[in-house]
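Some notes on the structure that comes next.
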Amino acid sequence: MDEIVYETIAEIADPSVVRVLLAALRGYGFHPLDRDDEGVFGIPALTGVKGAPIEVPEAEAADARVLANALIRDMTR
């Protein structure tokens with residue numbers, strides 16, 4: 001069985017934006033990595049300096065990055 005390699009397409013500090021972005025990516029058929037089991041969600045000290053990483057399978061990364069960037073831009077206006 002082949003191991004899936006994930007690529008980070010964004011790092012988001014706002015937990016509500018992370019939740020919306022993950023739902024939107026799934027809705028468009030992408031498969032973002034679910035990190036609900038890795039500690040306290042939304043606390044920068046535990047998720048990283050820039051925030052929570054949004055990771056998708058390497059094969060989906062280019063297309064998912066385009067969608068994620070457009071959605072982030074719209075959500076942060």
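Each value in this text was obtained by applying a stated rule to the coordinates, not by laboratory testing. Every value quoted in this text rests on a predicted model; they were computed, and no experiment measured them. Virtual Cβ from ideal backbone geometry, glycine too; neighbours counted across all protein chains shown.
For the reader, a short list of remarks on this structure follows.
- Under 5 Å from the amide H of residue 7 lie the amide H atoms of 56, 58, each residue being 5 or more positions distant or on a separate chain, with H modelled from the backbone and absent for Pro and chain starts.
- For a label point 7 Å along the Cα-to-beta-carbon line of residue 16, residues of the stretch 58-76 with backbone N under 16 Å: 72-76
- Segment residue 70-residue 31, length gained on full extension (0.36 nm per residue, minus Cα span): 12.3 nm
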